[in-house]
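Worksheet for the structure shown next.
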Amino acid sequence: MSQKTCNKLFVIESLKDIYSLLNNEERRQLAANYTTQRYKKNENIYEEGDVPESLMCLISGKVKVLKKGISGRTQIIRVIKAVDYFCYRDYFADQNFVTSAAAFEPSLICRIPMKLVDKWVHENTNLAMFFIKKLSIKLGTADERTVNLTQKHVRGRLAEALLFLKESYGMEEDGATLSIYLSREDLANLSNMTTSNAIRTLAAFAKEKILVVDGRKIKFINENELKKISQEGQ
């Protein structure tokens, strides 16, 4: 159940990108209307076909955005990191959700009613430009990933996905281990390949001493070679 379980100052600080653009009345409305909700690992956040009602901001944790394709096969089309906003595109497009989302790991999400956000956007030019810029960046990233996932061979796609995860979530304290532990199925869904191909290609990278794989932990050994494979696409 949605509830204000977090310290209010912590939530407002997490929303500072938007909060700084609001006037005093809009800030009062935000404080009075936001809610927070915790999600367990792999718990669904919204489903394809649902009506978008809230702007969501990932306060902590990691989230995957999914799209079902042919024969029910799932593709991870985007990952969300803290602190980032999502779930507003469909509302502005006057559509139900065309994707679904789930938590990679235990996550905390702040929800702001989209009707309130819509009101602010119509009255606050700075906030409107904030969302236009966000959408423009996401569109550019989506275009690039579409090309990568359709034109690269399996090795290039997996290398690109691993570098994408590094860019999105960073590394652990050792500076080499990805700060996200994906199942082989999730890694395959992110790379647009079958799970068996993802397993074989990951094993090949390990054999070539490009990576060290320990369960779901992936450690980069030769990142330059990984970049080369990604750039060459094979």
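The values are calculated or read from the model by the stated rules, or taken from the named source; none is laboratory data. The model shown is predicted, which means the values in this text are computed figures rather than measured ones. For neighbour counting, all protein chains shown are included, and Cβ atoms are generated from backbone atoms with ideal geometry for every residue, glycine included.
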Which members of segment 139-155 meet the condition of being at pLDDT below 90 and either within 19 Å of PHE220 (Cα to Cα) or touching a Leu at 6+ places or on another chain (Cβ under 7 Å) (or both)?
VAL154
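Matching residues to (1) assigned to a helix (DSSP H, G or I); (2) of a type outside the set (Ser, Thr, Tyr); (3) within 24 Å of the chain's Cα centre (by Cα); (4) surrounded by fewer than 16 Cβ atoms within 10 Å (Cβ to Cβ):
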{"residue": "TYR181", "(1), (2), (3), (4)": "no, no, yes, yes"}
{"residue": "ALA188", "(1), (2), (3), (4)": "yes, yes, yes, no"}
{"residue": "ASN197", "(1), (2), (3), (4)": "yes, yes, yes, no"}
{"residue": "ALA203", "(1), (2), (3), (4)": "yes, yes, no, yes"}
{"residue": "ALA206", "(1), (2), (3), (4)": "yes, yes, no, no"}
{"residue": "VAL213", "(1), (2), (3), (4)": "no, yes, yes, yes"}
{"residue": "LEU226", "(1), (2), (3), (4)": "yes, yes, yes, no"}
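Does any residue of segment 144-166 turn out to be aliphatic (A, V, I, L, M), assigned to a helix (DSSP H, G or I) and either loosely packed, with under 15 Cβ neighbours inside 10 Å or touching a Pro at 6+ places or on another chain (Cβ under 6 Å) (or both)?
Yes - at least one qualifying residue is present in segment 144-166.
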Here is a check on your reading of the model: is ARG111 modelled with pLDDT of 95 or more, not in a helix (DSSP H, G or I) and not hydroxyl-bearing (Ser, Thr, Tyr)?
yes
In segment 80-110, how many residues are under 9 Å from LEU58 (Cα atoms) and among the basic types (Lys, Arg)?
1
Subset of segment 207-234 that is among the basic types (Lys, Arg) and free of Cβ contacts under 8 Å to residues at least 60 places away in the same chain - its residue that is farthest from GLU167 (Cα to Cα)
LYS207
So, in segment 10-49, of the ones that are among the polar types (S, T, N, Q) and part of a loop (DSSP other than H, G, I, E, B), which residue ends up farthest from ASN192 (Cα to Cα)?
ASN23
Can you tell me how many residues within segment 125-137 are within 21 Å of ASN33 (Cα to Cα) and either crowded, with 17+ Cβ neighbours inside 10 Å or basic (Lys, Arg) (or both)?
3
From the list SER20, SER14, which residue is surrounded by 18 or more Cβ atoms within 10 Å (Cβ to Cβ) and within 18 Å of LYS134 (Cα to Cα)?
SER14
Quick one: count up the residues across segment 50-94 that are in contact (Cβ under 8 Å) with a residue 12 or more places away in the chain, among the small types (Gly, Ala, Ser) and outside any strand (DSSP E or B).
2
Where a residue in segment 184-206 is without any contact (Cβ under 8 Å) to a residue 40 or more places away in the chain and its partner, wherever it lies, is part of a helix (DSSP H, G or I) and of a type in the set (D, E, K, R), with Cβ under 8 Å and at least six apart:
MET193/ARG157; THR195/ARG184; THR195/GLU185; ILE199/ARG184
